[in-house]
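Novice: Sharing a structure, written as structure tokens. Questions coming.
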Amino acid sequence: MLNNSNFFGDITFQEKFVNFYSAVAVENVTLMEIKSNIVNHLPDSVQMMIYKNLSKSSIHNIYYLSTHTDKVNTRNTELTTYVRRMKSQTDAFINAEVFQAIIKNIPKLPKCAGSLSSKLLEDNVSAKEVTESVQEEPALAAAILKTVNSAYYGLPEKMSSLHHAILYLGFNNVYQLILENSIKNIMPQDEEYEKIRLHSFMISLIASEISLHCQKSKPLVNSTVGILHDVGKIVTLLLKRKYPNIKELIHMIDDSKVGACLLRNWGFPENIIKIIEYQYDPEFSHPENIDQAFRYEIAILYLSHRCYAIMMGEENTETTFVDDFMELLGIQQKDCQAFYQDTILPALLKNKKRLPEKISSLVQEQALALYPVRARAS
């Protein structure tokens, strides 16, 4: 709020910068604009007066902004604490004997899915170890061979060796395939589940691409988290169908906590469980308030959802801390929209044959609008 005879502006106005201001007058006012080329022709004493007033104005603004920032940070901390306290209230229900019994009754994933999740997240796992684990589940071995011999890969001859197929596909694709098939086989096959499955598949692909781009975390970890992050929603979906009379109560349960509980029962590594348990924290918390042990992975999962929302044309894709999480990951683009268009969309275009038809058409359409030559070449 400015009063009579106040100055406002930047003391560096003689530099080659353009400053923009917007103002609302609360009463009749005369506003004088002093440009740098005018100041240069004024007497020295007048120039000193202008600089002195601009300097005083800048100091006042810096003090105001620093004080305001402190208040905002305090409020954010209080809000984060409150939200976490409210979310923790669902823990009592999740830890209750009746809910734990429900979790234990959900069929477990094949043994190799859990063991592979530990092996593949290690740096020194061998293709021989992976092959031996997959061989324990003939249905999964068949799914891998079916994939490698599909039209997408276009091999001149059919591949019959499971070991060669795993080497050819790579651990990332193999593990993603195993998880998808394992979860699909134990969950109901209907429209609601298919919607969750499609979403998880796309988040997994996007998370892997972000990880490759940022090089802050292993792509395999982020791909795994993407596939598994919504298992809690599947459980709550099953609960609503089994107990329709309390579905509104079930709707209030934190699905991230439910998913973590299920994955713990399935024997998944604790770091994967923690990432999924705290996946919603970026919605209301600054990166510095995220546990450092899995801060990058949570940031990648969070940004994957923002990119997916942009791809699908959803509104309100920007959230309070999205810029902070982009900075944490070292992303240079000015906003998430630019990052999606410059980095994620071209990556999806390269892999469009792997995408579901609906998503593939959408990616092609968006790419044609932004860079037609590259899109037509694909």
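Novice: Any chance you could run the full-extension gain for residue 82 through residue 374? It's 0.36 nm times the residue separation minus the Cα-Cα distance, nm to one decimal. Walk me through the numbers on the way to the answer.
Specialist: Numbers: separation 292, 0.36 × 292 = 105.12 nm, distance 4.81 nm.
Here the answer is 100.3 nm.
Novice: Given N residues in the range 223-378, what is Rg(Cα) / (2.2 N^0.38 Å)?
Specialist: On the way: Rg = 17.7 Å, N = 156, 2.2 N^0.38 = 15.0 Å.
Relative to the 2.2 N^0.38 Å estimate, the range 223-378 comes out at 1.18.
Novice: Per 0.36 nm of contour for each residue apart, how much would the distance between residue 360 and residue 1 grow if the chain were fully extended, relative to their Cα-Cα spacing?
Specialist: Working: separation 359, 0.36 × 359 = 129.24 nm, distance 5.23 nm.
Length difference between fully extended and current span is 124.0 nm.
Novice: Let me ask something additional. Hey, how many Å between the Cα centroid of the range 49-70 and the Cα centroid of the range 124-144?
Specialist: Cα centroid of the range 49-70 versus Cα centroid of the range 124-144: 65 Å apart.
Novice: Leaving out ligands and nucleic acids, and using a 1.4 Å probe, what accessible area per residue does the chain come to in Å²? Before the final figure, lay out each step's value.
Specialist: Details: 22000 Å² over 378 residues.
Counting only protein heavy atoms, the per-residue value for the chain is 58 Å².
Novice: Roughly how many Å is it from the Cα centre of the range 250-271 to that of the range 333-349, as a whole number?
Specialist: So the separation of the two Cα centres works out to 31 Å.
Novice: Quick check on the range 291-378: take the gyration tensor over C-alpha atoms, sort the square-rooted eigenvalues as a ≥ b ≥ c, and tell me if it's rounded (a/c under 1.5), prolate or oblate. Walk me through the intermediate numbers first.
Specialist: On the way: a/c = 2.06, a/b = 1.94, b/c = 1.06.
Judged from the Cα gyration tensor, the range 291-378 comes out prolate (a/c at least 1.5, a/b above b/c).
Novice: Can I ask one more? Based on the mean of other Cβ atoms within 10 Å per residue, sort peptides 216-224, 144-152 so the most packed one is first.
Specialist: Working: 216-224: 22.0, 144-152: 15.3.
Highest mean packing first, the order is 216-224, 144-152.
Novice: Same structure again: How high is the relative contact order of the chain, given as a whole-number percent (alpha carbon pairs under 8 Å, six or more residues apart)? Each step should come with its number before you reach the end.
Specialist: Numbers: 343 pairs, mean separation 46.0, N = 378.
This gives 12 percent for the chain.
Novice: A further question follows. Report, to the nearest whole %, how much of the accessible area of the chain belongs to carbon and sulfur atoms, 1.4 Å probe, protein only. Before the final figure, lay out the partial values.
Specialist: Values: 11720 of 22000 Å².
Carbon and sulfur together cover 53 percent of it.
Novice: Taking the Cβ-Cβ separation of residue 293 and residue 157 as r and a Förster radius of 41 Å, what is the calculated FRET efficiency to the nearest 0.05? Before the final figure, lay out each step's value.
Specialist: Details: r = 46 Å, r/R0 = 1.12.
Efficiency, from the Cβ-Cβ distance: 0.35.
Novice: Rounded to whole Å and sorted largest first, list the principal axis extents of the Cα atoms in the chain.
Specialist: 89, 55, 39
Novice: Once every DSSP H run of n ≥ 4 in the chain is given -39500 (n - 2.57) and the sum is divided by its residues, what mean residue ellipticity at 222 nm do you get, rounded to the nearest 500 deg cm²/dmol? Before the final figure, lay out the partial values.
Specialist: On the way: 21 runs with 239 residues, N = 378.
Result for the chain, helices only: -19500 deg cm²/dmol.
Novice: Per residue of the range 277-291, what does 6.51 cos²θ - 1.76 cosθ + 1.60 with θ = phi - 60° give for ³J(HN,Hα)? Whole Hz please, x for Gly and Pro, Karplus curve as stated.
Specialist: Once rounded to whole Hz, the list reads 5, 10, 5, 8, 4, x, 5, 9, 9, 5, x, 5, 8, 8, 3.
Novice: Between residue 41 and residue 62, what FRET efficiency follows from the Cβ-Cβ distance if R0 is 51 Å, with the result rounded to 0.05?
Specialist: Working: r = 30 Å, r/R0 = 0.58.
FRET efficiency, residue 41 to residue 62: 0.95.
Novice: What's the whole-number percent of alpha carbon pairs in the range 194-285 lying beyond 18 angstrom?
Specialist: Values: 2094 of 4186 pairs.
It works out to 50 percent of all Cα pairs.
Novice: Among 108/240; 104/247; 257/350; 108/247; 104/184, which pairs are too far apart, with a Cα-Cα distance over 27 Å?
Specialist: Working: 108/240 20 Å; 104/247 20 Å; 257/350 35 Å; 108/247 24 Å; 104/184 18 Å.
The pairs that break the limit, which is 27 Å between Cα atoms, are 257/350.
Novice: Would you work out the relative contact order for the range 232-351, in percent, from Cα pairs under 8 angstrom that are 6 or more residues apart? Please list the in-between numbers first.
Specialist: Values: 105 pairs, mean separation 21.9, N = 120.
Contact order relative to length: 18 percent.
Novice: Excluding ligands and nucleic acids, what accessible area in Å² is computed for residue 190 using a 1.4 Å probe, to the nearest 10?
Specialist: It works out to around 50 Å².
The values are calculated or read from the model by the stated rules, or taken from the named source; none is laboratory data. Please read these numbers as outputs of a predicted model, since none were measured by experiment. Virtual Cβ from ideal backbone geometry, glycine too; neighbours counted across all protein chains shown. Protein only, heavy atoms only, side chains kept; ligands, DNA and RNA dropped before computing areas. Shrake-Rupley method; radii C 1.70, N 1.55, O 1.52, S 1.80 Å.
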